[in-house]
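Trainee: Pasting in a structure now, in structure tokens, and then I'll have a few things to ask.
The values are calculated or read from the model by the stated rules, or taken from the named source; none is laboratory data. If you're wondering where the values come from, they're calculated on a predicted model, not measured in any experiment. Methodologically, a virtual Cβ is constructed for each residue, glycine included, from the backbone with ideal geometry; neighbour enumeration extends over all protein chains shown. Surface accessibility is based on the protein's heavy atoms, side chains included, excluding ligands, DNA and RNA. Shrake-Rupley method; radii C 1.70, N 1.55, O 1.52, S 1.80 Å.
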Amino acid sequence: MINVAVNGYGTIGKRVADAVVQQPDMKLIGVSKTRPNHEAKTAVGKKYPLYVIKESKKSFTDAGIEFEGTVEEMLDGADVVVDATPSGVGVRNYELYKGMGIPTIVQGGEAKDSVESSFNARANFENSIGKNLVRVVSCNSTGLARLLTPIEETFGIDQVRVTLIRRGADPGQPGKGPINDVILDPVYLPSHHGPDVKSVLPNINIDTLALKVPTTLMHVHVVNITLKKDTSKEDMCKLLSGESRIHMVAAEEGIKGIAGLKELALDLGRPRGDLWENCVWDESVSVKDEEVYLFQAIHQEADVVPENIDAIRAIVNECGQGESMSLTDKTMGMGMGR
Ligand code: NAD
């Protein structure tokens, strides 16, 4: 049994904690909070052992929220820590984890050069086996790595160009925007997202550009790939349909955008309306000789969650890629009726 601590119980941390609890080979030994907010109360309600940073003990006591101890005490019993604190904090926290000899997984907000290995289960699971500090790449890079890996394996890739239409904020961030703009983010081209994908797929030529728009639901990628070998739409769709973390959706079934996808996730009874899979629109897949075009949607709050679970197994060398991904897919209920 792998004892897992989750430091930082926010958007990503609370989802990773729920997924850890579903794994037969993992035990959630604690989650941590800095503030006594509704998420802290929910963690207690779910009977997750709650730990707090030393400086916040009084505020939790004043709020009447019971906790087990401090973050340091939580880490005492951990085989692995998943750090899901805000960007930049994770790598700073690593000094503490390293001092205690605990293998650490941080998130995509940390710089790629600050870790031993960047991780995507489909692209490079083996690279993180037995490492001490592993970074699960960002939601956008996760979505692109899942798409590009099977295409590279099957047809070879000359060049990828992606426009990322990014959600302005997560639903729980009412103070962030834009609310009436399309922001060039960043304005320089190509954007930093391509190099981030290369941290897990170093041999792919990829250029990206990114815009931020007024939605909280999901990102949309406009993808153009130049293949090494030509193919047909049928073969491309067959390949993508065979991937457990890619779901083909159809506009003709009424899913014409990301609101339709959110409705689908809620109809399926997904926790928090989460879509862990990339969603690729069947009708959008256009293939002419070596050129492929498609649209895919990425649920930013959700797609990195199964990857964190696989990263835990990789870092402690529990099992191989295929076994880990199948177990994660089965326990989380990936597949949407496939
Ligand atoms: P968040 O702000 O929703 O959650 C962070 C949590 O960490 C909060 O509960 C905060 O109180 C807590 N925290 C802050 N400082 C702490 C500390 N020193 N010790 C313990 N807890 C602390 O952030 P998030 O969106 O979950 O992002 C976490 C990481 O995941 C970032 O690296 C981010 O880039 C990455 N990520 C986020 C998304 C997304 O869409 N939200 C997607 C993929 C990856």
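Trainee: How high is the FRET efficiency from Lys330 to Leu239, r the C-beta distance, R0 30 Å, rounded to 0.05? The partial results should precede the final answer.
Mentor: Numbers: r = 22 Å, r/R0 = 0.73.
E between Lys330 and Leu239, to the nearest 0.05, is 0.85.
Trainee: When the Karplus curve 6.51 cos²θ - 1.76 cosθ + 1.60 is applied with θ = phi - 60°, which whole-Hz ³J(HN,Hα) does each residue of region 28-35 get, with x for Gly and Pro?
Mentor: Once rounded to whole Hz, the list reads 7, 8, x, 10, 10, 10, 9, 10.
Trainee: Among Gln22, Val249, Val316, whose Cα lies farthest out toward the positive end of the dipole of the chain, if unit charges sit on the beta carbon of Lys, Arg (+1) and Asp, Glu (-1)?
Mentor: Toward the positive end, the furthest listed residue is Gln22.
Trainee: Find the relative contact order for region 227-338 and round it to a whole percent, using C-alpha pairs within less than 8 Å whose residues are 6+ positions apart. Mind dumping the intermediate values first?
Mentor: Numbers: 135 pairs, mean separation 30.3, N = 112.
Dividing the mean separation by the residue count of region 227-338 yields 27 percent.
Trainee: Moving on to the next point. In sequence order, what are the phi-derived ³J(HN,Hα) couplings for region 150-163 according to the Karplus relation 6.51 cos²θ - 1.76 cosθ + 1.60 with θ = phi - 60°, rounded to whole Hz, with x for glycine and proline?
Mentor: Ordered by residue, 3J(HN,Hα) equals x, 5, 4, 4, 8, 10, x, 10, 8, 7, 10, 10, 10, 9 Hz.
Trainee: While we're looking at this one, here's another question. Of all accessible surface on the chain at a 1.4 Å probe, what whole percent is carbon and sulfur?
Mentor: Answer for the chain is 51 percent, counting heavy atoms of protein chains only.
Trainee: Right, another one. Could you order Thr226, Thr142 so the one with the most accessible surface comes first? Probe is 1.4 Å.
Mentor: Details: Thr226 25, Thr142 0 Å².
Descending accessible area places them as Thr226, Thr142.
Trainee: If packing is taken as the average number of other Cβ atoms within 10 Å across a peptide's residues, how do 308-316, 186-194 rank, most packed first? Kindly include the intermediate steps, with their values, before the conclusion.
Mentor: Values: 308-316: 25.7, 186-194: 14.8.
For the peptides 308-316, 186-194, the packing ranking is 308-316, 186-194.
Trainee: Relative contact order (percent) for region 135-270, with alpha-carbon contacts under 8 angstrom and 6 or more residues of separation?
Mentor: Reported relative contact order: 32 percent.
Trainee: Something else: Over region 139-298, with the other protein chains present, what is the accessible area per residue in square angstrom, probe 1.4 angstrom?
Mentor: Values: 7250 Å² over 160 residues.
Heavy-atom SASA per residue in region 139-298 reads 45 Å².
Trainee: Which percentage, to the nearest 5, of the DSSP beta bridges contained in region 139-298 is antiparallel? Provide the component values of the computation, followed by the final result.
Mentor: On the way: 23 of 35 bridges.
The antiparallel proportion sits near 65 percent.
Trainee: What do you get when you divide the Cα radius of gyration of the chain by 2.2 N^0.38 Å, with N the number of residues? Can you show the working numbers first?
Mentor: Working: Rg = 19.9 Å, N = 338, 2.2 N^0.38 = 20.1 Å.
Computed over Cα atoms of the chain, the ratio equals 0.99.
Trainee: May I pose another question? Under a cut-off of 22 Å between alpha-carbon atoms, report the lysines in cross-link reach of Lys288, not counting same-chain residues fewer than 8 places apart.
Mentor: List returned: Lys228, Lys229, Lys233, Lys238.
Trainee: Okay, next question. Can you tell me the relative contact order of the chain? Whole percent, Cα pairs under 8 Å, sequence separation 6 or more. Walk me through the intermediate numbers first.
Mentor: On the way: 701 pairs, mean separation 57.8, N = 338.
That works out to 17 percent.
Trainee: I need the Debye-formula profile for region 139-298: one equal scatterer per C-alpha, no solvent, reported as log10 I(q)/I(0) at q = 0.18 1/Å, two decimals.
Mentor: Normalising to I(0) and taking log10 leaves -1.17.
Trainee: A follow-up question, please. In whole angstrom, note down how far apart the Cα centers of region 49-67 and region 91-158 are.
Mentor: Value for the Cα centre distance between the two parts: 32 Å.
Trainee: Turning to a different aspect of this structure: For region 15-107, what class follows from the C-alpha gyration tensor (a ≥ b ≥ c being the square roots of its eigenvalues): rounded when a/c is under 1.5, otherwise prolate if a/b is larger than b/c, else oblate? If you can, show how the numbers build up before the last one.
Mentor: Working: a/c = 1.69, a/b = 1.21, b/c = 1.40.
Note, shape of region 15-107 comes out oblate.
Trainee: Mind checking region 44-111 for GluC sites (Glu not before Pro) that DSSP puts in a loop (not H, G, I, E or B) and that have at most 11 other Cβ atoms within 10 Å? Each step should come with its number before you reach the end.
Mentor: On the way: sites: Glu55, Glu66, Glu68, Glu72, Glu73, Glu95, Glu110; in loops: Glu66, Glu68, Glu110.
Passing sites in region 44-111 are Glu66.
Trainee: Right, next: Quote to one decimal, in nm, the extra length available between Glu323 and Ala250 on full extension: 0.36 nm per residue of separation minus the C-alpha distance between them. Write out the running numbers ahead of the final one.
Mentor: Working: separation 73, 0.36 × 73 = 26.28 nm, distance 3.01 nm.
My answer for the length gained is 23.3 nm.
Trainee: When the chain is treated as a GNM, springs tying every alpha-carbon pair under 10 Å, which of Arg35, Arg161, Arg245 comes out with the largest mean-square fluctuation?
Mentor: Judging by the Gaussian network model, the answer is Arg35.
Trainee: Right, next: For region 51-91, what does the alpha-carbon gyration tensor say about shape, rounded, prolate or oblate, given a ≥ b ≥ c as the root eigenvalues, a/c under 1.5 as rounded, and a/b over b/c as prolate?
Mentor: Values: a/c = 2.81, a/b = 1.48, b/c = 1.89.
It comes out oblate by the Cα gyration axes.
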